Amino acid sequence: MSSIEAHSIDIAIVGAGAVGLAAALALAERGLSVAVVGPHQAPRDGRTVALLDGSWRLLGDLGLAGALAERAAPLCVMRLVDDTGSLFRQPPVEFKASEVGLDAFGWNVENAELVEALAAKVKETDTIRHLAGLVSEIVADDAGVTLTGEGFTPLRARLVVGADGRQSRVRVAAGITAREWRYPQVALTAILSHTRDHRETSTEFHTRKGPFTLVPLPGRRSSLVWLLDPDEADAVAALDDAAFARRVEAQAHSLLGAMALDGPRGRVPMGGLSVERFGAGRMVLIGEAAHVFPPIGAQGLNLGLRDVMALREAVSAASDPGASAVVAAYDRARTADVRLRTGAVDALNRTLLTDLMPADLLRGAGLLALSRLRPLRRLVMRQGLAGGMGR
């Protein structure tokens with residue numbers, strides 16, 4: 001550890017992605033001194049995030065609604081289409097925001113645009129310091145945690161928040177065990193224009209390779225998340241832009257008409273991660289440091305923002321943000337929500353990857369019930385939004 005005297009603050013957040021930056025803004029609102037350590041991570045690779053209603057309102061509370069409004073498209077309808085070729089294939093199911101009293105389930109925005117807006121807000125917030133260096137050493141004791149790294153004076157924090165992704169240094173330093181797994185899938189991402197209106201409807205086709213999802217962006221544009229097996233993903237990714245767009249149009253059954261690339265493309269191997277607990281000592285985990293799963297049902301980043309809301313609540317009345325009672329309260333608040341959603345997304349993804357009749361029958365029966373039973377459909381919608389609907 002460096003012999004230079006450490007600078008003391010209340011909370012240090014390791015990781016400057018969307019969740020880390022949102023946590024900095026939310027915690028600084030509580031009058032706490034906050035530092036964010038790490039470079040801004042906003043690759044333009046075609047990825048977007050569907051910010052559900054509670055997440056959108058959190059960002060509004062943080063003063064970001066105006067900056068994001070023109071860059072985001074509302075999601076008023078979510079459509080599920082069984083495109084597996086199963087004997088038990090059911091008609092499409094539509095979830096309408098109006099059925100649960102909302103104008104929209106949420107808003108879809110490019111990841112890079114979201115991070116840039118959050119970073120700009122952090123920059124203008126006096127109680128937040130941003131240090132672009134990387135943390136190389138984390139040393140904890142009963143009174144606090146010291147962070148050292150290249151390019152910044154050592155920090156001494158009463159609480160350290162790990163927002164540093166699936167290879168989290170904070171998680172390792174806290175001694176928290178993680179379980180990782182891989183899926184035989186790769187996600188292709190892209191932004192496309194099309195000749196038909198999306199009508200503010202997100203469409204998720206369930207295929208034998210995984211979900212193929214088109215999510216509205218402003219204008220006649222949509223973002224794509226397409227899960228394929230690695231060999232087919234390589235073949236599709238190798239197509240030139242025009243051929244790629246035609247392939248997407250065919251996979252979408254020309255739902256949105258003729259398509260063309262209107263932004264960058266990306267390729268992301270699929271895997272999952274869960275942790276035994278969400279905090280230990282004076283360290284807690286948020287975002288992908290705590291949970292990773294496939295991009296199904298718009299749960300990934302929204303779950304990270306629910307982490308932020310739970311952490312803000314846990315520290316709100318504490319004189320010491322890193323006290324054991326605070327860490328324990330945060331762990332309790334996140335355990336059920338994260339376990340439930342990780343399990344549900346994992347189970348759905350695995351049923352798509354099997355052609356066993358019982359799995360097809362179960363999935364088909366579920367879609368049929370959702371299409372016919374409005375109370376069940378409303379319950380599922382509320383559960384999908386749960387954790388972020390209240391202030």
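The values are calculated or read from the model by the stated rules, or taken from the named source; none is laboratory data. As the structure is a computational prediction, the values presented were derived from the model and not from experiment. A quick note on method: Cβ atoms are made from the backbone with ideal geometry, for glycine too, and the neighbour counts reach across all protein chains shown. Accessible surface areas use protein heavy atoms only, side chains included; no ligands, DNA or RNA. Shrake-Rupley method; radii C 1.70, N 1.55, O 1.52, S 1.80 Å.
One table, with the values for the structure above:
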| read-out | value |
| --- | --- |
| Protein accessible area in the range 147-188, 1.4 Å probe - carbon and sulfur % | 46 |
| Under-5 Å amide H pairs with His130, H placed in peptide plane, nonlocal only | Val36 |
| Separation of the Arg332 and Thr195 label points, Cα + 7 Å toward Cβ, nm | 6.0 |
| Accessible area in the full protein assembly, largest first, 1.4 Å probe, for Ser274, Ser223, Ser324 | Ser324, Ser274, Ser223 |
| Fraction in percent of alpha-carbon pairs per bin - 10 Å, the range 131-225 | 13, 27, 16, 21, 20, 3, 0 |
| Proportion of all alpha-carbon pairs of the range 67-162 beyond 23 Å (%) | 59 |
| Convex hull of Cα atoms in the range 195-262, direction-averaged projection (nm²) | 4.2 |
| Cβ crowding within 10 Å averaged over residues, with 227-239, 64-76, 158-170 ranked highest first | 158-170, 64-76, 227-239 |
| Cross-link partners of Lys209 among lysines (Cα-Cα below 16 Å; sequence separation of 8 or more within a chain) | none |
| Largest-first principal axis extents, alpha carbons of the range 1-135, Å | 68, 31, 22 |
| Net +/- balance of residues flanking Ala260 in space, Cβ distance below 14 Å, scoring K and R +1, D and E -1 | +2 |
| Rg/Rh for the range 207-320, where both radii come from Cα atoms and Rh is the Kirkwood radius | 1.11 |
| Modelled FRET efficiency - R0 22 Å, Arg156 with Ala318, Cβ distances, 0.05 increments | 0.75 |
| Projected-area average for the range 144-286 over all orientations - Cα convex hull basis, square nanometres | 11.7 |
